[in-house]
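Everything below concerns the one structure shown next.
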Amino acid sequence: MPDYLGTLTKAVQTGDAKLVEQTLEEALGAGITPKDILDKGLITGLQAVGQLFKDGQAYLPEMLVSARAMKAGVNRLSPLFAAKDVPKKGTVVLGTVSGDLHDIGKNLVRMMLECNGYEVHDLGRDVPAGAFVSAARDIKPDILGMSALLSTTMTYIPEVVRSLQEAGLKGKVKLMIGGAPITRKFADELGVEGYADDCASAVDEVDRLMRLAT
Ligand code: B1M
């Protein structure tokens, strides 16, 4: 069998959205699961370009075209993960915090939660504390999730927590955080109940928080 996953990794890395779309169809036709395509093909490609960026061998434009190629793949995969007749388990508000434009991981968390029966209100990226507070007050979600990908923007999470506290909402909604620089220790220190390091464990963590809520 051709190395479809390797080709997908390379295609994301080089930002070739057309090749992503074409290879993805072939991989699905060959019986490779959407989960393997996502984890071992697409995400691996994005991690590779991230490493090159870190090593000074790739620049912002390369990361941008890779992100676009990744999104083309995720758009094609989303319906395949879609939930059928799953009873509604709860409501989640999600957003990437202020100053941070990374949303691929947050979108994957959203997709996995929706597939597993959660209604998700996505506030998007670069979300200020006030918007999280308004959403918590108006939507009254079971869980409010914050994503941060930069070591400079993870420091904004305490500000959101403080704003929720000042609005009298801390404790009324369970909080959850995630993103590459985030750790369970950071969550514990902030008094944030939930943490997950990838989109699959995000579903387990939300399930766990829902059990705590009842
Ligand atoms: Co940027 N970037 N980026 N970037 N970027 C990183 C994050 C970086 C690690 C690259 C590197 O140096 N190796 C680095 C951060 C270093 C740091 O702070 N420690 C970095 C940098 C420096 C920057 C800029 C500052 C570069 C510059 O301008 N000089 C700039 C910042 C812009 C800004 O935000 N203000 C920037 C810009 C960009 C692009 C816009 C070009 C693009 C983002 C496009 C987009 O998202 N729409 C981009 C990209 C693509 C990356 C990398 C290559 C890939 C990120 C990604 O999507 N990963 C990244 C390098 C890397 O990660 N290896 C990098 C795949 C995704 C599936 O993983 O997002 O971790 P992730 O999500 C996972 C988990 O973290 C978890 O589940 C997800 C799915 O499994 N998760 C949650 C995420 N959110 C969660 C929430 C939860 C639970 C789990 O609960 C609520």
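Summing charges over neighbours of L101, with a neighbour being any other residue whose Cβ is under 14 Å away from its Cβ, gives +1 when K and R count +1 and D and E count -1.
The string of couplings for region 38-51 from the Karplus curve (6.51, -1.76, 1.60, θ = phi - 60°) is 5, 6, 9, x, 6, 5, 4, x, 5, 5, 5, 5, x, 5 Hz, one whole number per residue in order, with x for Gly and Pro.
Along region 54-69 the Karplus relation, 6.51 cos²θ - 1.76 cosθ + 1.60 evaluated at θ = phi - 60°, assigns HN-Hα couplings of 4, 7, x, 9, 9, 10, 3, x, 5, 5, 5, 5, 5, 4, 5, 5 Hz to successive residues, with x for each Gly and Pro.
Within the shell of other residues whose beta carbon sits under 12 angstrom from the beta carbon of K88, the net charge comes to -3, with Lys and Arg scored +1 and Asp and Glu -1. Around the amide H of G90, modelled in the peptide plane, lie the amide H atoms of E119, all under 5 Å away and 5 or more residues distant in sequence or on another chain.
The alpha carbon convex hull volume per residue for region 70-214 rounds to 97 Å³. Taking a ≥ b ≥ c as the square roots of the eigenvalues of the alpha-carbon gyration tensor, region 50-138 is classed oblate because a/c is 1.5 or more while a/b is no larger than b/c.
Close amide H pairs (under 5 Å, H built 1.01 Å from N) link G124 with T96, residues at least 5 positions away or on another chain. The phi-based Karplus calculation (6.51 cos²θ - 1.76 cosθ + 1.60; θ = phi - 60°) puts the 3J(HN,Hα) values of region 180-189 at 3, x, 7, 10, 4, 4, 4, 4, 4, 4 Hz, whole numbers, x for Gly and Pro. Using 0.36 nm per residue and subtracting the Cα-Cα separation, the extra length available between T155 and Q22 on full extension is 43.9 nm. Backbone amide hydrogens, once placed in the peptide plane, bring V192 within less than 5 Å of nothing, excluding anything fewer than 5 places away on its chain. Taking 0.36 nm per residue of separation and subtracting the current Cα-Cα distance, fully stretching the chain between M210 and N75 would add 45.8 nm.
Straight-line reach from K84: taking Cα to Cα under 21 Å and skipping same-chain neighbours fewer than 8 places apart, the lysines in range are K35.
What 222 nm value per residue comes from the helices of the chain, counting each DSSP H run with n ≥ 4 as -39,500 (n - 2.57) and dividing by all residues, nearest 500 deg cm²/dmol? Mind showing how you got there, number by number?
Numbers: 9 runs with 112 residues, N = 214.
Roughly -16500 deg cm²/dmol at 222 nm, from the helical runs in the chain.
Which residues make up the longest stretch of the chain clear of trypsin sites (Lys or Arg not before Pro) that lie in a DSSP loop with no more than 10 other Cβ atoms within 10 Å, not counting the sites?
Values: sites that count: K84, K88.
The answer is 89-214.
The label point for M1 and the one for K172, both projected 7 Å from the Cα toward the Cβ, are 5.1 nm apart.
Our estimate of slack between R68 and A180, defined as 0.36 nm per intervening residue step minus the Cα-Cα distance, is 38.4 nm.
Does region 1-119 come out rounded, prolate or oblate, given a ≥ b ≥ c as the square roots of the eigenvalues of its C-alpha gyration tensor, rounded meaning a/c under 1.5 and, failing that, prolate meaning a/b above b/c? Oblate, because a/c is 1.5 or more while a/b does not exceed b/c.
Values quoted throughout were computed directly from the atomic coordinates according to the rules given, and no laboratory measurement underlies them. Everything numeric in this text was worked out from a predicted model, so none of it was measured. Quick reminder, even Gly has a Cβ in these numbers, built from the backbone with ideal geometry, and neighbours come from all protein chains shown.
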